1. List the residues whose amide H sits under 5 Å from the amide H of Thr416, counting only those 5 or more places along or on another chain, with H placed 1.01 Å from N in the peptide plane.
2. Determine how large the accessible area of Met309 is when every protein chain is in place; take a 1.4 Å probe and give Å² rounded to the nearest 10.
3. Return the loop-located GluC sites (Glu not before Pro) in segment 156-255 (DSSP other than H, G, I, E, B) with at most 14 other Cβ atoms within 10 Å of their own Cβ; answer none if there are none.
4. Which trypsin sites (Lys or Arg not before Pro) in segment 62-120 pass both tests, a DSSP loop state and at most 13 other beta-carbon atoms within 10 Å?
5. Write down the Å³ per residue value for the convex hull defined by the alpha carbon atoms of segment 1-120.
6. Specify, per residue and in Å³, the volume enclosed by the convex hull of the alpha carbon atoms belonging to segment 344-438.
7. State the percentage of accessible surface on segment 1-85 attributable to carbon and sulfur atoms; use a 1.4 Å probe and exclude ligands, DNA and RNA.
8. So if I average 1/r over every pair of distinct C-alpha atoms in segment 110-186 and take the inverse, what Kirkwood radius in Å does that give?
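The values are calculated or read from the model by the stated rules, or taken from the named source; none is laboratory data. If you're wondering where the values come from, they're calculated on a predicted model, not measured in any experiment. Every residue, glycine as well, gets a Cβ built from its backbone with ideal geometry; the counts of neighbours run over all protein chains shown. With ligands, DNA and RNA removed, areas are computed over all heavy atoms of the protein, side chains included. Shrake-Rupley method; radii C 1.70, N 1.55, O 1.52, S 1.80 Å.
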Amino acid sequence: MKVSVIGLGYVGAVTAVCLARDGHEVLGIDLVPTKLKLLRAGKAPIIEEGIDEITRAAAESKRLQVTDKLDEQIADCDLIFVCVGTPSAANGSQDLTAVQRVSEQIGTALKDCTGYPVVVLRSTVYPGSTENIVKPILEEHAEGAVGEKFGLCFQPEFLREGSSVEDFYNPPFTVIGTECKKSESKVRELFESFPGDFVTTSYSVAEMLKLTCNAFHALKISFANEVGRLGRSLGIDSREVMGLVCKDKSLNISSAYLRPGFAYGGSCLPKDLRAMLYLAKTHDVDLPLMQGVQPTNALHIQHAADLVMSSGSRKVGMVGLSFKSGTDDLRESPLVTLAEILIGKGYELRIHDPAVNLARLMGANKRFIEDTIPHIESLLTDNLAGVFEHAEVLIIGQNHAELPVLLGGRDRNTLTVIDLVGVTGGIVEGAAYEGVCW
Ligand SMILES: NC(=O)c1ccc[n+]([C@@H]2O[C@H](COP(=O)([O-])OP(=O)(O)OC[C@H]3O[C@@H](n4cnc5c(N)ncnc54)[C@H](O)[C@@H]3O)[C@@H](O)[C@H]2O)c1
């Protein structure tokens, strides 16, 4: 293929030389003369394992040409990769000046294009940037529409400095956000020999994915380091602890607990997190990340309560009360906390949880209800249909086999559903449906 790569920093230089190595004809564009001079001489402008050899071969093959002119030369390219920087501004926001500038130049250069070139934004940008910034600038300057005259994608780059060549050829997956099939098939053609799944999604999901991945990596590093600081103060080797944590591929290093939904609770997570934080406190170890966990969980419960309150109705039904479905354990259930917030505000609540059958409850759970939440006991009913009849707002805190039928039979204009678990999508839609965080 014929491709151009705009911005020859870490991402762009690796992309340009690797694509030239793979046999593509590459035009690299950057403003910095020394970078261009180095590349012309077959030398890499960055230090990366394996890049020197590939750059030398790319220059010798003549498949890599470089220039500082972003003009009509790019119009007959199949793909135009944008890899310019998006640094932090002083207030932490993303500086999109370079992306905007090159979008104007690309648009102008594509004014007379005929071959449907596809612009692929690889710079990391805010969700919404491709749709609301890049697309209108390109269309204005090219005097033509995305999907008609040229294509547009956002393709997050997952390479890491230090192993970028290796990462370029072994991405975890290839994800493109696009709204046009032709763009998808051109990008797919270029990357089809790469390992990992090829996923097509919307611009904004692909953009948010990249920010989310990096936030997650930063979170993981900081979590491991907090375990490390606590371990050190206790004389425990945290590398061994974390090594064993990572050995558990079913709950720890897996997709478990990573689905947006409702708050955590139950008899273990809150208690043991508190114990960990107390231990840190008694050893004068500050763990701000772990200290932030309980407040964000509480905020999430309050957010659900706010959704109910903003519905304007006072008759509330709740499906589920224990901390997760399939258990009758009510200790530290976030649904109990949510119920208490609503009761405190004077909402008329009816609750059904098939696992919390008052007649069958025994031991610790029975005592917990009688001693700690007697005010909730009277709101519990075994009759789910009765909860539906009462409710103008229905909180789905757990899945229930009868939900599809009961929801399907209910007049949409008289019920707002607040879904905390993501089970009712498709049954109820539009204004009558609120997902807790989707
Ligand atoms: N560095 C990484 O490991 C990495 C990984 C994934 C994604 N990203 C993202 O990719 C983007 C690029 O990152 P980078 O580290 O390669 O940045 P960089 O700063 O190393 O390179 C950016 C290049 O763009 C050039 N440039 C700026 N304005 C230009 C213009 N108008 N015309 C032509 N060239 C221009 C600069 O001269 C520079 O060489 C960023 O959005 C970054 O967040 C970086």
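1. Close amide H contacts, sequence-distant or interchain: Val393, Leu394.
2. 50
3. Numbers: sites: Glu157, Glu161, Glu166, Glu179, Glu184, Glu189, Glu192, Glu207, Glu226, Glu240; in loops: Glu157, Glu161, Glu179, Glu192.
Hits after loop and neighbour filter: Glu161, Glu192.
4. Values: sites: Lys62, Arg63, Lys69, Arg101, Lys111; in loops: Lys62, Arg63, Lys69, Lys111.
Taking segment 62-120 and a limit of 13 other Cβ atoms within 10 Å, the loop trypsin sites (Lys or Arg not before Pro) found are Lys62, Lys69, Lys111.
5. Working: hull volume 11.9 nm³, N = 120.
Taking the convex hull of the Cα positions in segment 1-120, it is 100 Å³ per residue.
6. Numbers: hull volume 11.3 nm³, N = 95.
Output value, Cα hull per residue: 119 Å³.
7. Values: 1980 of 3880 Å².
That fraction is 51 percent.
8. Numbers: mean 1/r = 0.0738 Å⁻¹.
This gives a value of 13.6 Å.
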